[in-house]
Amino acid sequence: MGLALSGWLTDMTAIALASLAGGLFTLAILHSFTLRRFGRRTRADERELERLRDQIWELRAAAEARDRAEAASEAKSRFLATVSHEVRTPLNGILGMADLLTATAIDDEQKSYVEAIRDSGQSLGSLIEDLLDLSRIEAGKLDIVNERFAIAPLVESVVELLAPRAHDKGLEIASFIAPDAPAETIGDAARLRQVLLNLAGNAVKFTGRGGVGLRVAREGRALVISVTDTGPGVPSDRRNAIFQDFEQGDETTARQHGGSGLGLAISKRLVERMDGRLWLADSSENGSTFAISLPLADDAGRAQSNRDMVRQRALIASPSRFEAPYIGERLAACGAAVDYVRSEAEALVHLEREDATFDTVLVDRAFDEATAAKIADAARRAGAKRLVVLFSPTERRALSSQTLRLFDGWLVKPVRSASLLARLSPKSGQTGREHRATHDAAPKLKDVRILLAEDNEISRRVALKHLERHGAKVTCASDGAEAVQRADDAAFDAIILDIRMPVLDGLAAARQIRAGESGGRHTPLIALTANAFAADRRAATEAGIDYFLAKPVDPFDLVALIETALTRTHPAETLRPTGS
């Protein structure tokens with residue numbers, strides 16, 4: 001038994017030792033597996049950490065690059081503001097002195113020299129505006145506003161502004177507002193006006209004979225404005241390039257027209273910023289048409305229809321390509337039956353017919369004076385109830401008083417829709433010999449007390465002379481501190497402040513003047529500045545300034561602005577310079 005027990009113990013010990021050995025082997029295998037797995041996880045974690053470090057460095061580099069770009073953009077804006085001020089201020093003096101000189105007693109040769117100086121200065125001003133606009137667009141700092149504005153007055157004012165230039169070249173320029181066009185819409189009126197001035201101005205510049213027409217119509221939910229000319233057209237190989245920076249339709253070294261080649265590029269970008277489209281709709285050797293399409297506001301309805309001329313019959317005698325046909329379309333839209341003839345022979349045929357019973361006969365002075373008189377005489381014999389002559393200011397000077405007496409009234413080209421209907425509508429109550437009010441009546445600033453704060457002696461002298469010429473009583477200050485002191489010492493009807501002045505700048509002076517006002521007094525403050533950026537306008541408004549005018553300042557705009565300020569009880573809208 002003892003031997004059996006001893007054998008059993010031996011067997012059990014062997015089994016236990018075998019089990020322990022197996023356990024140690026299993027533990028060794030598990031330990032080895034764990035070490036291998038832990039090693040792999042460590043290497044993966046290291047790779048993940050390395051990837052995160054790379055991303056952090058990339059983010060830091062991107063942030064530093066962004067900060068550098070923002071700093072560069074801010075430096076660029078400050079540089080542009082400084083250059084703008086330094087260039088606009090002497091340019092304001094050049095143009096202002098040229099205007100003053102033309103009002104003095106000078107002979108024709110001297111006058112031609114002064115006009116050349118003024119034209120060159122205006123060209124330089126336009127170039128500066130183009131470069132500033134391009135810089136604003138590239139920097140993303142060109143603001144687009146959305147305000148309600150009337151469409152017809154904006155388009156017609158562009159045509160009137162360009163009319164003298166067109167008439168000097170023997171061209172006509174006219175506009176037509178289609179009956180289905182809305183009376184108002186919401187958008188940036190100043191920017192749209194800038195684009196139209198560029199398109200129509202280019203059309204006048206490149207057209208040698210014929211004319212330019214602007215047409216406004218509605219197409220679905222879009223407002224479409226087309227500018228058509230009778231110029232040479234755009235060469236087929238240049239039709240895409242003309243919308244690029246510094247590109248022009250004529251790239252030959254012998255090109256006849258100057259310019260920076262920025263106008264169309266800037267106009268296209270402005271229209272796109274307004275969610276619209278600008279394109280070359282048509283071009284041939286007979287002329288070109290550029291078109292703008294802009295989205296209409298949701299509440300933009302159609303213009304109120306006018307049917308005041310139902311059962312009226314009109315004859316229009318004119319060789320015009322744009323003005324006369326546009327007038328005919330306007331009258332027809334009001335219910336009139338319109339006959340349109342382009343020659344003396346056609347006019348006489350119409351007037352000598354047995355059924356020639358015209359309520360109105362319009363004769364264009366674009367015919368020679370003898371032809372206009374002959375048509376008027378035939379219309380009078382045919383029993384026409386009203387005779388109206390159309391003429392441009394230059395044609396008016398060539399029209400004798402004897403011929404003018406053949407007509408009952410006249411209209412000056414380009415004709416506004418409202419003026420046309422007010423003159424010819426039976427409900428207007430205008431009969432007999434009528435006279436058209438001129439647009440250039442002298443502003444009345446008689447005895448208006450104005451404080452003018454301007455540190456630049458030449459700019460101050462230009463503004464002083466123009467204001468005094470219109471009857472204003474002007475007190476001058478050479479810096480902002482002096483302006484504040486004079487405003488405290490006496491009451492003024494309006495105060496003009498240059499923004500950049502020594503001792504105290506215009507904004508600080510405006511704040512102190514506003515702080516010193518009492519008893520509900522609110523003196524109109526007008527800011528003059530060479531910096532035409534949106535930030536400058538906002539800063540001026542925040543300082544208490546009511547009106548903003550950018551240099552170079554047109555003296556007539558300044559006088560008109562003062563008149564407006566004196567007649568309004570609330571601050572007017574900020575005035576933006578053309579092209580800013």
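With every protein chain in place and a 1.4 angstrom probe, the accessible-area ranking of D45, D237, largest first, reads D237, D45. Highest mean packing first, where packing is the average number of other Cβ atoms within 10 Å per residue, the peptides 280-291, 262-273, 61-72 line up as 262-273, 280-291, 61-72. Remark on D282: its backbone amide H falls under 5 Å from those of T289, a criterion applied only to residues 5 or more positions apart or on other chains, H modelled at 1.01 Å from N.
This model, with +1 at the C-beta of Lys and Arg and -1 at the C-beta of Asp and Glu, gives segment 457-512 a dipole about its Cα centre of some 240 debye. With the whole protein complex present, L101 retains an accessible surface near 80 Å², based on a 1.4 Å probe.
Residues whose amide H lies under 5 Å from that of K473, counting only those 5 or more places away or on a different chain, are D447, V448, R449, I450; hydrogens are built 1.01 Å from N in the peptide plane.
Remark: segment 350-357, residue by residue, has Karplus-estimated 3J(HN,Hα) of 5, 7, 8, 6, 5, 8, 6, 10 Hz, where x stands for each Gly or Pro and the curve is 6.51 cos²θ - 1.76 cosθ + 1.60 at θ = phi - 60°. About the centre of its Cα atoms, segment 271-409 shows a dipole size close to 480 debye [charges on the beta carbon of Lys, Arg (+1) and Asp, Glu (-1) only; nearest 20 debye]. The order of C476, C334 by accessible area, most exposed first and with a 1.4 Å probe, is C476, C334.
Charges on Cβ only, +1 for Lys and Arg, -1 for Asp and Glu, centred on the Cα centroid of segment 117-213; of Q194, I128, S175, which one is farthest towards the dipole's positive end? It is I128, whose Cα lies furthest towards the positive end. Between the amide H of G170 and any residue lying 5 or more places away or on another chain, no distance stays under 5 Å, with hydrogens modeled in the peptide plane.
Rolling a 1.4 Å probe over the protein heavy atoms gives segment 459-538 an accessible area of 42 Å² per residue. Residue pairs exceeding 21 angstrom between C-alpha atoms, taken from K169/K413; K205/K551; K446/K551; K111/K169: K205/K551; K446/K551.
Coupling constants for segment 206-213 follow from the phi torsions by the Karplus curve (6.51 cos²θ - 1.76 cosθ + 1.60, θ = phi - 60°), and in residue order they are 8, 9, x, 8, x, x, 9, x Hz; glycine and proline get x.
The values are calculated or read from the model by the stated rules, or taken from the named source; none is laboratory data. Nothing here was measured: the structure is a model prediction, and the numbers come from that model. Note: ideal-geometry Cβ built from the backbone for every residue, glycine included; neighbour counts use all protein chains shown. For accessibility, only protein heavy atoms count, side chains too; no ligands or nucleic acids. Shrake-Rupley method; radii C 1.70, N 1.55, O 1.52, S 1.80 Å.
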